[in-house]
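The values are calculated or read from the model by the stated rules, or taken from the named source; none is laboratory data. Remember, predicted model here, so these are calculated numbers, not experimental data. Cβ placement follows ideal geometry from the backbone for every residue including glycine, while neighbour counts extend to all protein chains displayed. The accessibility values were calculated without ligands, DNA or RNA, using every heavy atom of the protein model including side chains. Shrake-Rupley method; radii C 1.70, N 1.55, O 1.52, S 1.80 Å.
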Amino acid sequence: MIKTVLITGSTSGIGKAIATLFASKGCHVIFNGLENNGAEIAQTIADEYKIKHLFFPVNLLDRLATKAMIAKSIETFGSIDILINNAGIQFVSPVEDFPEEKWDDIININLSSAFILTKAVWHSMKQKQFGRIINIASAHGFTASPFKSAYIASKHAMIGFTKAIALEGAPLGITCNAICPGYVHTPIVENQIENQMKAHGISRDEVIKNVMLGKQPIKEFINIDVIAELAWFIAQDSSRTITGASFPIDGGWTAE
Ligand code: NAD
């Protein structure tokens, strides 16, 4: 049976790579993201793999619109079988200057939206006795770096949330897991490269090698397709006993 997957932040970066892989496997894909050309990106992927899709340019800070996105998706496809909480933002600042509104946005987008969406899909997954919830956390869900207090708080909390939902889902056929990447070369990272070059007064190569990949024993950006492949593996029917886990894909960073 064809599965339906909703991926937040799927018109860019990691979410787009996951959407593309799931589309290539024949899933119905529900796209979400704030990119101006989001509709076009979703349509191009859907056309390439001849799948059914929906696109919602819903801002996840808008809880009513977020819940309406779920309701419309379930009305269209009958269920959401796989929910991938991927959308996220970053802001880098010493804590004493950290803008409170940035803290609130990061917690709301990176963490609270996963709660709102999980709550909204729960009834449908419970009725079907099947669900896969995959949270894109981060290596920063296990470990910290300075100047990223809100992001690190949100990603650590995401791992705790993943465990709690796994326990609640266990009797219902619903699994919940997290994927925790190291640095992946996407727009969220590209923007940081520019900022770090300015902050440290060093070159692009030095930022990548010394600041970003400095803590990764394997000095490579994480391959985006590997993250998508792990999400696909976790989403399988046969992965029903994999739950409550948080999988690092971080070049050994958190092994230290
Ligand atoms: P990205 O900037 O390429 O994509 C982020 C997506 O989230 C975009 O589609 C954006 O429109 C969407 N988004 C942001 N705010 C939103 C909002 N308010 N409402 C709806 N959509 C919103 O970044 P990415 O690297 O692909 O990041 C995806 C996830 O992976 C994030 O949760 C990020 O924290 C996590 N992650 C990224 C890295 C990395 O190195 N790139 C490492 C670890 C974890």
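Whether any residue in region 127-137 is under 20 Å from Ile249 (Cβ atoms), outside any helix (DSSP H, G or I) and open to solvent by 30 Å² or more (accessible area, probe 1.4 Å) is what I want to check. No: zero hits. Summed over region 20-57, the residues that are under 17 Å from the mean Cα position of the chain (by Cα), small (Gly, Ala, Ser) and either closer than 11 Å to Asn86 by Cα or surrounded by fewer than 19 Cβ atoms within 10 Å (Cβ to Cβ) (or both) give a count of 1. Those helices (runs of 4 or more DSSP H) of region 1-112 in which 3 or more residues are in contact with a helix residue (DSSP H, G or I) (Cβ under 7 Å, 6 or more places away or on another chain) and within 10 Å of the ligand (Cβ to nearest atom) occupy 13-24.
Assess whether Thr175 counts as being away from the ligand (no atom under 14 Å from the Cβ), in a loop (DSSP other than H, G, I, E, B), touching a residue at least 40 places away in the same chain (Cβ under 8 Å) and assigned by TED's automatic domain parsing to the domain that holds Phe142. Judged against the criteria, Thr175 is not a match.
So, Cys180, is that one buried (at least 18 other Cβ atoms within 10 Å of the Cβ), within 22 Å of Ile249 (Cα to Cα) and either touching a Pro at 6+ places or on another chain (Cβ under 7 Å) or among the small types (Gly, Ala, Ser) (or both) or not? Yes; evaluated as a whole, the condition is true for this residue.
Residues of region 230-244 that are surrounded by fewer than 14 Cβ atoms within 10 Å (Cβ to Cβ) and either among the acidic types (Asp, Glu) or in a helix (DSSP H, G or I) (or both): Phe233, Asp237, Ser238.
Here is a yes/no grid of residues against (1) modelled with pLDDT of 95 or more; (2) closer than 26 Å to Pro99 by Cα:
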{"site": "Ser149", "(1), (2)": "yes, yes"}
{"site": "Met158", "(1), (2)": "yes, yes"}
{"site": "Ala164", "(1), (2)": "yes, no"}
{"site": "Leu167", "(1), (2)": "yes, no"}
{"site": "Ile174", "(1), (2)": "yes, no"}
{"site": "Val184", "(1), (2)": "yes, yes"}
{"site": "Glu206", "(1), (2)": "no, no"}
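To keep it simple, each residue is scored yes or no on (1) within 30 Å of Ala23 (Cα to Cα); (2) assigned by TED's automatic domain parsing to the domain that holds Ile14; (3) within 11 Å of the ligand (Cβ to nearest atom); (4) in a helix (DSSP H, G or I).
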site: Pro171; (1), (2), (3), (4): yes, yes, no, yes
site: Asn191; (1), (2), (3), (4): yes, no, yes, yes
site: Met197; (1), (2), (3), (4): no, no, no, yes
site: Asn210; (1), (2), (3), (4): no, no, no, yes
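Residues in region 93-123 that are open to solvent by less than 20 Å² (accessible area, probe 1.4 Å), closer than 19 Å to Leu60 by Cβ and without any contact (Cβ under 8 Å) to a residue 60 or more places away in the chain: 5 in all.
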